[in-house]
Structure formats: C-alpha cells, structure tokens
C-alpha cells in the first residue's frame, strides 16, 4: 500500500488515504501507524518517542489534501508585510498559517474566502492571494 492523501479536519490531520492496487481506502492516523508496524505500507517507519508514535518518511506537503475547509479571519502583518494568515477551523479553533501554506490551501479551494492566482510581472510568474 502507498499513502496518496492526507485527510484533514480543518488543519488537523485525522487520517490518510491509501492506495492498494486499484482501490483507495481512508484510514485513521492510528490505523496507518498499525499498518506501518505490520509492514503493509512501503517506505515508512514508526518511531516511538517519549511514549508517542511518530511516522517517519512521510512528507504530507506532497500529498493530496482530502476534506478540510477553513476560513481566513485576518492577515498577520510584520513590518508592513503579510507573513501569514489567521484562519478558523473545525470547532471554531483558530490557527496561524504561513503565506505559503495559505496559497497552497487556497489553490486547492480549501480556504473558503481566499483565491490563489498567478500573474506575470516583468517576465516572472508571481503568486498572489485575493480575498473573495
């Protein structure tokens, strides 16, 4: 089996999508850890640190995002520059995310009131975010 997606409830990872031959299944984080320990998922390891299991070898930034919708509340501004966004997720919990993460989520239509776009400026492609 191979991990193909991450299942988010707003910004919290609650599970993963696995592909096994021609079918896909969704599993919880604990189920994935169990499958890795049973060596049923390739190229991943589980490491226990201070009584908690951690998955090693999984880059969630390269996985498809399944579920997860957040709403942008405000911009985080430092020295006149937007450095992040305050968003609200499930159970009305607030998070601060980087502009890079905001653009990635908006490009996947996962932020309900932000749109990710490109523009050409002096022969350079520039990413920008626009509030809906």
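For the condition part of a strand (DSSP E or B) and at pLDDT below 85, what is the one hit in 95, 54? Working first, answer last.
Working: 54 fails: at pLDDT below 85.
Matching residue, one of 95, 54: 95.
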Quiz item: So which residues in the range 1-10 are surrounded by fewer than 19 Cβ atoms within 10 Å (Cβ to Cβ) and over 20 Å from residue 57 (Cβ atoms)?
Solution: 9
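If you take the residues in the range 15-26 that are out of contact with any helix residue (DSSP H, G or I) (no Cβ under 7 Å at 6 or more places or on another chain) and closer than 23 Å to residue 109 by Cα, which one is surrounded by the fewest Cβ atoms within 10 Å (Cβ to Cβ)? Reasoning before the result, please.
Our first condition is that a residue be out of contact with any helix residue (DSSP H, G or I) (no Cβ under 7 Å at 6 or more places or on another chain); within the range 15-26, this holds for 17-26.
Retained after the next criterion (residues that are closer than 23 Å to residue 109 by Cα): 17-18, 24-26.
Details: 17: 20, 18: 20, 24: 14, 25: 12, 26: 14.
For the range 15-26, the residue satisfying everything is 25.
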Quiz item: Would a scan of the range 82-90 turn up a residue that is in contact (Cβ under 8 Å) with a residue 12 or more places away in the chain, loosely packed, with under 13 Cβ neighbours inside 10 Å, over 20 Å from the mean Cα position of the chain (by Cα) and farther than 25 Å from residue 4 by Cα?
Solution: yes
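Checking the condition assigned to a strand (DSSP E or B), more than 25 Å from residue 105 (Cβ to Cβ) and either in the same structural domain as residue 6 (by TED's automatic domain parsing) or in contact (Cβ under 8 Å) with a residue 12 or more places away in the chain (or both), which residue from 46, 66 passes?
Values: 66 fails: more than 25 Å from residue 105 (Cβ to Cβ).
46 is the lone residue from the list that is assigned to a strand (DSSP E or B), more than 25 Å from residue 105 (Cβ to Cβ) and either in the same structural domain as residue 6 (by TED's automatic domain parsing) or in contact (Cβ under 8 Å) with a residue 12 or more places away in the chain (or both).
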Quiz item: From the set of residues in the range 92-110 that are more than 14 Å from the chain's Cα centre (by Cα) and without any contact (Cβ under 8 Å) to a residue 60 or more places away in the chain, which is nearest to residue 131 (Cα to Cα)?
Solution: 94
Quiz prompt | Answer from 84, 89 - the residue that is touching a strand residue (DSSP E or B) at 6+ places or on another chain (Cβ under 8 Å), under 15 Å from residue 12 (Cα atoms) and not assigned by TED's automatic domain parsing to the domain that holds residue 15 | solution = 89
Practice problem: Please work out if residue 116 is without any contact (Cβ under 8 Å) to a residue 24 or more places away in the chain and within 30 Å of residue 4 (Cβ to Cβ). | Solution: yes
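The values are calculated or read from the model by the stated rules, or taken from the named source; none is laboratory data. Values in this document were obtained by computation on a predicted structure and should not be read as measured data. Neighbour counts are summed over all protein chains in view; Cβ atoms, including those assigned to glycine, are modelled from backbone coordinates with ideal geometry.
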